[in-house]
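A.B. asks: I'd like to ask some things about the structure below.
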Amino acid sequence: MDFFLQQLLNAVSLGGIYALLALGLAVVFSIVALINFAHGELMTVAGYVLFVCILYAVPLPIAVVAAIAAAAVAAAATERLAFRPMRRADPTSLMLTSFAVSAILKVLFQNGISARPKPVPLPPDLSGTLTFGPVRLGTVPLASILVTCLSLFALTLFLKRTVMGKAMRAAAEDFQVLRLMGIRANRVIAAAFALSGMLAGISAALWVAQRGSVDPLMGFVPVLKAFVASVIGGLGSLSGAVAGGFALGIAEVLFQAYLPDAALPFRDAFVLGFVVLLLLWRPDGLIPARTGRRS
Amino acid sequence: MTRTRRMLTLCTAMALCGWAAVGAAGAEEVTIGLATGQTGGLAPFDQPSLAGFRMAMDEINARGGLGGTYMVTLDIKDTRSDTGATVQAAQELVAAGVKFLITPCDADPSIAAGQISQAAQIPTMTFCGTTPTITDAVGDYMFGSYPADNGQATLLAQHAIAKGYKSAYILKSPDSAYTLRLPEYFAEVFQKLGGTVAGEGSYSLGQQDFAAEVTKIAALDPQPDVIMTAAYEPDFPAFLKALRGAGVTAPILGSDGIDSPTTTGLGDIANGIVHTTAGFPTDGSPLGEFYAKYEAVTGAAPETVYVATGYEIPYILDAAVTAAGTMDGPALRDALANLENVPVLTGSVTYKGTNRMPLRAITLVEIQGGARVPVETATPDPALVPAP
């Protein structure tokens, strides 16, 4: 029972990170129908900012805020430079553009910073452990659960209570009508990218805290997870992205925990098999977007 | 009139070419081809290797070329760490007539490129590929240069036994030969020397979530005496953090993949980790002097020992060219395969009697207080090294 409780906690913690990652993709997809595969590189940008801040002994909270801000600025910059000129292109061209942005950024990091990973040593108190009865939880996993809840709450407030948030929700449902209402498209889209960048920055801080280093190719795995999670959840649906993130995290941890040793090397196959079954059952995802727009 | 002039120009040009060829006969020009991943997933290994390689090649050219005769031009192609592109680059280099080929720090592209140079009888070497099957998978023109996985595993197993560890837990990933086979070689030698394997875990490369895995290790009763893995960044730091977070205190043995500033940056939880490396720079040692020289030339200390192992390759080649007296494929292959005790930065390299994966010293280091402390440097006992 303790073993199960511990694994459940592990699953929730991992699912939280995946949910944040998937949300970052969903915010942009819901408005411009772009699956931004350069989302992972926004995380790398945040990671490098964290690296530089820690190198110069900037206090951790300031470093984290700077990293999140840098990712938001980078997201807005890629929107302005790469995606805005492609605004009227079809979703496939947009997706290819995002691959190009991702590839260019990776090579820039490799040749401009270093191909080798850079260490991001975090204060030792962050690698501590808290014990709750029979289960133990590391500071970083605990932080990821808390940060996920907090981010979801703040995001909901933003989307429901602010003009820009409402505009973004409206844009997700019908962009043309939104423009007819006199809302400026560029501003809504730029805001969506910046928001997505902030989410990338937050998840980057958690991701880097777990791995202790940043390297040019760091963004690949998280963006893949985010993509799978947002497909399971329903592309373009924000609550779907969260549900998909948790579903993926829980599936990964439970398969890792309960598969027999001989089948363990095939864990990813089992997880993806589970994803296929999920999609057969609900082809539009767990919580489909209201417009029903799909890639 | 114009035709005559054209003929004249042509004749002059041809005569000049011929004269140039005679003039260069004293120092022959050869080209060495490099098909390596300067961008993409292999860049963390191939970029530093290339930096060292170029530096050594410049030095050798400055003193008269390989074997004192062959002035070398490098033809460097970036494969973007893609196996298909590596094959294409190798094909182009072989067609261009290179006398020696360098392939990436990974088994798959090295084996694929090696198939082409093997057929063309061009001696080929992988930058820092460690999989001991690379050479036999290609043939007699394929050479390794870096300490092989089975050698590293042997030294780690001997160390574990010497420390009195009786049971070991091994963590491996089927995603690469390195992360799968190195722990298996370790288990093989460890059991041969009297140890037992308490359990095996598995992980996926790059996913960095180890919570489920360490919960299983924490539930083991009795706990293993030692945990061995060939995981590297980003998996290793994530594993270590999760493991210590779950309350597991067993010591850890790792491989050369964690010879990186990230590992020492992990703070107190990294204390006591023992891992292999191709070499450790101490003051006054050839490797230490090389690190100082490299810093003086480039303005920055080497980020990794791959710079040094890349630097060693031209000198290994120089020894073979000197012995063969030529850079013709078959003669150069034989000379390389018969090299014995060639002094390099990290000790010496021997190919004679091996399957062209070199016999060379490996260093064990322990992490203490954010720094590496050398434990021992030894050449693995060939009788103990598991067959690839």
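A.B. asks: Using a Förster distance of 60 Å, how high is the FRET efficiency between A:V65 and A:L279, based on the Cβ-Cβ distance and rounded to 0.05?
C.D. replies: The value I calculate is 0.95.
A.B. asks: Just the number, please: carbon plus sulfur as a percent of the accessible area of the stretch B:32-80, 1.4 Å probe, no ligands or DNA/RNA counted.
C.D. replies: Of all accessible area on the stretch B:32-80, carbon and sulfur atoms account for 49 percent.
A.B. asks: Next question. Arrange the residues A:L21, A:L8 by how much accessible surface each exposes, largest first, with a 1.4 angstrom probe.
C.D. replies: Most to least solvent-accessible, the answer reads A:L8, A:L21.
A.B. asks: Round to the nearest 10 and report in Å² the accessible area of B:D46, as given by a 1.4 Å probe over the protein chains' heavy atoms.
C.D. replies: 0
A.B. asks: For chain B, what is the accessible area per residue in Å², given a 1.4 Å probe and the full set of protein chains?
C.D. replies: 38
A.B. asks: I would also like to ask the following. Please tell me the relative contact order of the stretch A:124-278 in percent, rounded to the nearest whole number, where contacts are Cα pairs under 8 Å and at least six residues apart.
C.D. replies: So the answer I get is 11 percent.
A.B. asks: Give me a single rounded figure for A:6-14: the average over its residues of other chain Cβ atoms within 10 Å of their Cβ.
C.D. replies: 4
A.B. asks: How much of B:D334 can a 1.4 Å solvent probe reach, expressed as accessible area in Å² and rounded to 10?
C.D. replies: Around 70 Å² of this residue is reachable by solvent.
A.B. asks: Continuing with this model, one more query. Before anything else, pin down the relative contact order of chain B: Cα pairs under 8 Å, at least 6 apart, normalised by residue count, whole percent.
C.D. replies: 16
A.B. asks: Further question: Applying a 10 Å radius around every beta-carbon, put B:108-114, B:69-75, B:344-350 in order of their mean neighbour count, most first.
C.D. replies: Output ranking for B:108-114, B:69-75, B:344-350: B:108-114, B:344-350, B:69-75.
A.B. asks: Take A:N111 and B:A162, extend 7 Å from each Cα along the Cα→Cβ direction, and tell me the distance between the two endpoints in nm.
C.D. replies: Inter-label distance under the simple model: 4.5 nm.
A.B. asks: Between A:V58 and B:A96, how high is the FRET efficiency from 1/(1 + (r/R0)^6) when r is the Cβ-Cβ distance and R₀ = 41 Å? Nearest 0.05.
C.D. replies: FRET efficiency, A:V58 to B:A96: 0.20.
A.B. asks: Need one number: % antiparallel among DSSP beta bridges in the stretch B:226-381, to the nearest 5.
C.D. replies: So the antiparallel bridges amount to about 80 percent of the total.
A.B. asks: Defining a contact as two alpha carbons under 8 Å apart and six or more residues distant in sequence, what relative contact order in percent does chain A show?
C.D. replies: Computed value for chain A: 37 percent relative contact order.
A.B. asks: Once every DSSP H run of n ≥ 4 in chain B is given -39500 (n - 2.57) and the sum is divided by its residues, what mean residue ellipticity at 222 nm do you get, rounded to the nearest 500 deg cm²/dmol?
C.D. replies: Roughly -13500 deg cm²/dmol at 222 nm, from the helical runs in chain B.
A.B. asks: Next question. Given the protein chains as shown and a 1.4 Å probe, how many square angstrom of A:M198 are accessible, to the nearest 10?
C.D. replies: 90
A.B. asks: Excluding A:S93 itself, calculate the net charge of residues whose Cβ lies under 15 Å from the Cβ of A:S93, where each Lys or Arg counts +1 and each Asp or Glu counts -1.
C.D. replies: Neighbourhood net charge equals +2.
A.B. asks: Taking Rh as the Kirkwood radius computed over C-alpha pairs, what is the Stokes-Einstein D of chain A at 10 °C in a medium of viscosity 1.306 mPa s, expressed in µm² per second?
C.D. replies: For these conditions, the coefficient is 81 µm²/s.
A.B. asks: Just tell me how shielded A:255-267 is by partners: mean number of partner chain Cβ atoms within 10 Å of each residue's Cβ, no decimals.
C.D. replies: Mean shielding count: 4.
A.B. asks: Still on this structure, please answer the following. Taking a ≥ b ≥ c as the square roots of the Cα gyration tensor eigenvalues, with a/c under 1.5 meaning rounded and otherwise prolate when a/b beats b/c, else oblate, which class fits the protein assembly as shown?
C.D. replies: Oblate shape, in that a/c is at least 1.5 and b/c is the bigger or equal ratio.
A.B. asks: Continuing with the same structure: Sorted by packing (mean other beta-carbon atoms within 10 Å per residue), highest first, where do A:255-268, B:305-318 land?
C.D. replies: B:305-318, A:255-268
A.B. asks: Right, next: Of the DSSP beta bridges with both residues in the protein assembly as shown, give the percent that are antiparallel, rounding to the nearest 5.
C.D. replies: Counting only bridges with both partners in the protein assembly as shown, antiparallel ones make up about 45 percent.
A.B. asks: Between B:A27 and A:L272, how many nm apart are label points set 7 Å from Cα along the C-beta direction?
C.D. replies: Computed distance between label sites B:A27 and A:L272 equals 5.4 nm.
A.B. asks: Would you work out the charge dipole size for the protein assembly as shown about its Cα centre, treating the Cβ of every Lys and Arg as +1 and the Cβ of every Asp and Glu as -1, and quote it to the nearest 20 debye?
C.D. replies: 2900
A.B. asks: Rounded to two decimals, what ratio of Rg to Rh does the stretch A:1-153 give with C-alpha atoms and a Kirkwood Rh?
C.D. replies: 1.03
A.B. asks: At 7 Å along the Cα-to-beta-carbon direction for both B:T73 and B:A292, put a label point, then send me their distance in nm to one decimal.
C.D. replies: Rounded to a tenth, the inter-label distance reads 3.7 nm.
A.B. asks: Right, something else. If you take the square roots of the eigenvalues of the alpha-carbon gyration tensor of the stretch A:217-295 and sort them as a ≥ b ≥ c, do you get rounded (a/c under 1.5), prolate (a/b over b/c) or oblate?
C.D. replies: Prolate is the answer for the stretch A:217-295, as a/c is 1.5 or above and a/b outweighs b/c.
A.B. asks: D for the stretch A:91-181, whole µm²/s, Stokes-Einstein with Kirkwood Rh over alpha-carbon pairs at 25 °C and 0.890 mPa s: what number?
C.D. replies: So the translational diffusion coefficient is about 135 µm²/s.
A.B. asks: From the square roots a ≥ b ≥ c of the eigenvalues of the alpha-carbon gyration tensor of chain B, which class results: rounded (a/c under 1.5), prolate (a/b over b/c), or oblate?
C.D. replies: It comes out prolate by the Cα gyration axes.
A.B. asks: Could you order A:E173, B:E233 by accessible surface area, starting with the largest, using a probe radius of 1.4 Å?
C.D. replies: The ordering from most to least exposed comes out as A:E173, B:E233.
A.B. asks: Would you mind counting up the charge near B:E213? Only other residues with Cβ under 12 Å from its Cβ, with Lys and Arg at +1 and Asp and Glu at -1.
C.D. replies: -2
A.B. asks: With a Förster radius of 35 Å, plug the Cβ-Cβ distance of A:S239 and A:L146 into 1/(1 + (r/R0)^6) and report the FRET value to the nearest 0.05.
C.D. replies: So, using R0 = 35 Å, E works out to roughly 0.95.
A.B. asks: Could I ask something else about it? If the elastic network links every pair of Cα atoms under 10 Å, which of A:A269, A:A33, A:A143 fluctuates the most in the Gaussian network model of chain A?
C.D. replies: Comparing A:A269, A:A33, A:A143 in the GNM, the peak value goes to A:A269.
A.B. asks: Could you order B:C128, A:C149 so the one with the most accessible surface comes first? Probe is 1.4 Å.
C.D. replies: A:C149, B:C128
The values are calculated or read from the model by the stated rules, or taken from the named source; none is laboratory data. Everything numeric here is computed off the predicted structure, so don't read it as measured data. Note that each Cβ is placed from the backbone with ideal geometry, even for glycine, and that neighbours are counted across all protein chains shown. SASA here: full protein model, heavy atoms, side chains in, ligands and nucleic acids out. Shrake-Rupley method; radii C 1.70, N 1.55, O 1.52, S 1.80 Å.
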